[in-house]
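The values are calculated or read from the model by the stated rules, or taken from the named source; none is laboratory data. Only a predicted model underlies this, so the values are computations on that prediction, with no experimental measurement involved. With ideal geometry, Cβ positions are generated from the backbone for all residues, glycine too; neighbour counts draw on all protein chains shown.
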Amino acid sequence: MIDDRAKRSFDEHGYVVARGLFDAEEATFWRDYFTRLREAGAYPGDVVGVDPDSNDPLKRYPRMIHMHRWDRVALDWLLEPRLGKWLTTLLGGLEPYAVQTMLYFKPPGARGQAVHQDQYYLRVQPGTCIAAWMALDRCDEENGCLEMLPSSQDWPVLCTIPADTTQSFTDVTVPLPEDAQLVPVVMEPGDVLFFNGSLVHGSEPNRSDRFRRSLVGHYIEGDALECALWYHPALRLDGSTVELEQGRGGGACGEWSTATADP
Ligand SMILES: O=C(O)CCC(=O)C(=O)O
């Protein structure tokens, strides 16, 4: 059930958590399924490759991307009716298009992702994108949960500056006002964080001895006409393809950067 409070909170702060949208057993299934896949080899989208002997935990467990293009389990999750219902309600009644899946493994010691706006990469026009970010492990401040800058969803796409690549696996970030207060979002497996694609968000390194896995879907508003080529083809929630124009700029959600020092 999606109550008015959730929609109001999303409109006001730019994000909302659907607690227990999926149950713990479902989350365990996806966690184990994708971990087994990751440990079994390399896949399209592994832009930095997989190196089981690397000192960098993110090279041993790089994030997976666009799995829905070659894996049925990922596609079914991306188009899952419970996600569709929340997304459609949060977007005011218009069904979104699905454009991306990602699996972040974030093992112990892994760098985080410097604060950014997803719209910087997706370049949706008109409108913006929206993420459904599902916890597969408990996510908290120790293992680098997501951190949001409430009410930044109406900001324009900001010009980027270099990120600290000892802390972030991506090399750009956005400048924040001095009084900006990022809010950590603690989540349990099966909780889904929905957030507006223009909202500033990111995560700190994993300083715990636990993995912080999450399965992420990116969607765009259903009246969008264009988005960056990396996200084509867009899918309706029934799985059929939508023809969109190619947006200017954008690209894969965060360009990999090798650590400038040990994480
Ligand atoms: O999971 C993270 O640490 C970052 C994820 C993120 O920024 C995103 O999905 O847009």
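So the values come out like this:
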| item | result |
| --- | --- |
| Given (1) in a loop (DSSP other than H, G, I, E, B); (2) surrounded by fewer than 16 Cβ atoms within 10 Å (Cβ to Cβ); (3) modelled with pLDDT under 95, number of the condition Gly45 does not satisfy | (2) |
| Scan of the range 150-171 for residues that are assigned to a loop (DSSP other than H, G, I, E, B) and of a type in the set (A, V, I, L, M, F, W, C), ordered by number | Trp155, Val157, Leu158, Cys159, Ala163, Phe169 |
| Any hit, the range 179-197, residues being more than 30 Å from Glu80 (Cα to Cα), surrounded by fewer than 20 Cβ atoms within 10 Å (Cβ to Cβ) and free of Cβ contacts under 8 Å to residues at least 24 places away in the same chain | yes |
| Residue satisfying condition, being in contact (Cβ under 8 Å) with a residue 60 or more places away in the chain, among the charged types (D, E, K, R) and surrounded by fewer than 23 Cβ atoms within 10 Å (Cβ to Cβ), within set Arg111, Arg60, Arg138, Arg69 | Arg138 |
| Residues of the range 234-252 satisfying the condition of being over 29 Å from Gln167 (Cβ atoms) and either without any contact (Cβ under 8 Å) to a residue 12 or more places away in the chain or within 14 Å of the ligand (Cβ to nearest atom) (or both) | Ser240, Thr241, Glu243 |
| Test: Glu147 is within 13 Å of the ligand (Cβ to nearest atom), in contact (Cβ under 8 Å) with a residue 60 or more places away in the chain, surrounded by fewer than 22 Cβ atoms within 10 Å (Cβ to Cβ) and of a type outside the set (Phe, Trp, Tyr) | no |
| Residues located in the range 197-221, provided they are away from the ligand (no atom under 11 Å from the Cβ), touching a Ser or Thr at 6+ places or on another chain (Cβ under 9 Å) and outside any loop (DSSP other than H, G, I, E, B) | Ile220 |
| Residues satisfying the stated conditions in the range 217-231, i.e. more than 22 Å from Gly92 (Cβ to Cβ) and in contact with a Leu (Cβ under 9 Å, 6 or more places away or on another chain) | Ala228, Trp230 |
